[in-house]
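Chemist: Can you keep this structure in mind? I'll have questions shortly.
The values are calculated or read from the model by the stated rules, or taken from the named source; none is laboratory data. This one's a predicted model, so the numbers in the text were calculated from it and none came from an experiment. Positions of Cβ are backbone-derived with ideal geometry, glycine not excepted, and every protein chain shown enters the neighbour counts. For accessibility, only protein heavy atoms count, side chains too; no ligands or nucleic acids. Shrake-Rupley method; radii C 1.70, N 1.55, O 1.52, S 1.80 Å.
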Amino acid sequence: AQKVTQAQTEISVVEKEDVTLDCVYETRDTTYYLFWYKQPPSGELVFLIRRNSFDEQNEISGRYSWNFQKSTSSFNFTITASQVVDSAVYFCALSEAIAQGGSEKLVFGKGTKLTVNP
Amino acid sequence: EAGVTQSPTHLIKTRGQQATLRCSPISGHTSVYWYQQALGLGLQFLLWYDEGEERNRGNFPPRFSGRQFPNYSSELNVNALELEDSALYLCASSLATGPNTGELFFGEGSRLTVL
């Protein structure tokens, strides 16, 4: 069975600090996708990134970076120079890869609530 | 372009009643997903509809049901409400053509409170 663990329930930092959100996953699939979503107070989930299991290259997008390590089944998310607007709940998710018309059934972690204080 | 819209924003019901939640996907998206976000349980996959048919279902009892209309909008029905059904219900849509992409676009959710 697939499982995603986000061990950090809540993190609080001061603006401009760097912060890393941890994500560890379990799956028996050899091909799968990993995701990060952001849920601001408004409630809607905002897609941040998708990574497939064959692409272990780390990615950077502005202040955001992701470190995918298949050997440790981890897909960690780092925010550099955090800002108050980064305050949100962040979810890591996993889905199996289905070749055609597959379900977007995502298995989510329980989320990490990040609070960035001014 | 309008995003995924959900109604109502808030709904209060009592135990045993029925609740109906609605979702309009992004224009051009044919797949609609429902997730339940209950306190302490995280986001749980409920249902997936594509082209008017139920394609997949999460581990929820049959009193959770829904449908997708010809215009791809969707309805989630929860019968015989129980206190633990209180949650934020999130709808998401995607194109779902070819290999799955995982890029779901979520609405702001409908918060159901069961008293």
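Chemist: At a cut-off of 10 Å², which residues of region B:58-97 become less accessible once all protein chains are present than in their chain alone, using a 1.4 Å probe?
Modeler: So the qualifying set is B:Leu88, B:Leu90, B:Ala96.
Chemist: Could you give the Stokes-Einstein D for chain B in µm² per second, using the C-alpha Kirkwood radius, 20 °C, 1.002 mPa s? Show your work: numbers first, answer last.
Modeler: On the way: Rh = 14.0 Å.
The estimated diffusion coefficient comes to 153 µm²/s.
Chemist: Here is a follow-up. With the other protein chains left in place, how much accessible area per residue, in square angstrom, belongs to the protein assembly as shown at a 1.4 angstrom probe?
Modeler: So the protein assembly as shown comes to 48 Å² accessible per residue, rounded to a whole number.
Chemist: Hey, any idea what % of region B:1-64's accessible area is carbon plus sulfur with a 1.4 Å probe?
Modeler: Values: 1560 of 3360 Å².
Reported share for carbon and sulfur atoms: 47 percent.
Chemist: Leaving ligands, DNA and RNA out of it, report the carbon-plus-sulfur percent of the accessible area of chain A at a 1.4 Å probe.
Modeler: Details: 2760 of 5770 Å².
Answer for chain A: carbon and sulfur cover 48 percent of the accessible area.
Chemist: Here's a follow-up. When we measure straight from the Cα of A:Lys113, which lysines land under 18 angstrom away, once same-chain ones fewer than 8 places off are left out?
Modeler: Within reach: A:Lys16, A:Lys38.
Chemist: Within region A:34-118, report the chymotrypsin sites (Phe, Trp or Tyr not before Pro) that DSSP leaves as loop and that have at most 11 other Cβ atoms within 10 Å. Intermediate values should be presented prior to the final figure.
Modeler: Working: sites: A:Phe35, A:Trp36, A:Tyr37, A:Phe47, A:Phe54, A:Tyr64, A:Trp66, A:Phe68, A:Phe75, A:Phe77, A:Tyr90, A:Phe91, A:Phe108; in loops: A:Phe54.
The qualifying sites are A:Phe54.
Chemist: Please compute how much accessible surface disappears when B pairs with A, both sides summed, using a 1.4 Å probe, and round it to the nearest 100 Å². Please report the intermediate quantities before stating the final value.
Modeler: On the way: alone 6450 and 6800 Å², together 11140 Å².
Answer for the B-A pair: about 2100 Å² buried.
Chemist: Report, in debye and to the nearest 20, how large the dipole of region B:1-88 comes out about its Cα centre when Lys and Arg carry +1 and Asp and Glu carry -1 on their Cβ.
Modeler: On the way: 7 positive and 9 negative charges, 49 e Å.
About 240 debye.
Chemist: Next up: Pick out, in residue order, every one of the GluC sites (Glu not before Pro) in region A:39-118 that is DSSP loop and has at most 14 other C-beta atoms within 10 Å; say none if there are none.
Modeler: Numbers: sites: A:Glu44, A:Glu56, A:Glu59, A:Glu96, A:Glu104; in loops: A:Glu44, A:Glu56, A:Glu104.
Loop-located and lightly packed - A:Glu56.
Chemist: Then there's this: If A:Thr112, A:Thr20, A:Thr30 are ordered by their accessible area, calculated over protein heavy atoms with a 1.4 Å probe, which sequence runs from highest to lowest? Let's see the in-between values first.
Modeler: Details: A:Thr112 0, A:Thr20 60, A:Thr30 105 Å².
These residues rank, largest area first, as A:Thr30, A:Thr20, A:Thr112.
Chemist: With every protein chain present, what accessible area does A:Thr31 have (1.4 Å probe, heavy atoms only), rounded to the nearest 10 Å²?
Modeler: Approximately 50 Å² for this residue.
Chemist: Also, I was wondering about something else. Across chain B, where is the longest run that never hits trypsin sites (Lys or Arg not before Pro) in a DSSP loop with at most 14 other C-beta atoms within 10 Å? Please list the in-between numbers first.
Modeler: On the way: sites that count: B:Arg15, B:Arg63.
With trypsin sites (Lys or Arg not before Pro) excluded where exposed in loops, chain B gives B:64-115 as its longest stretch.
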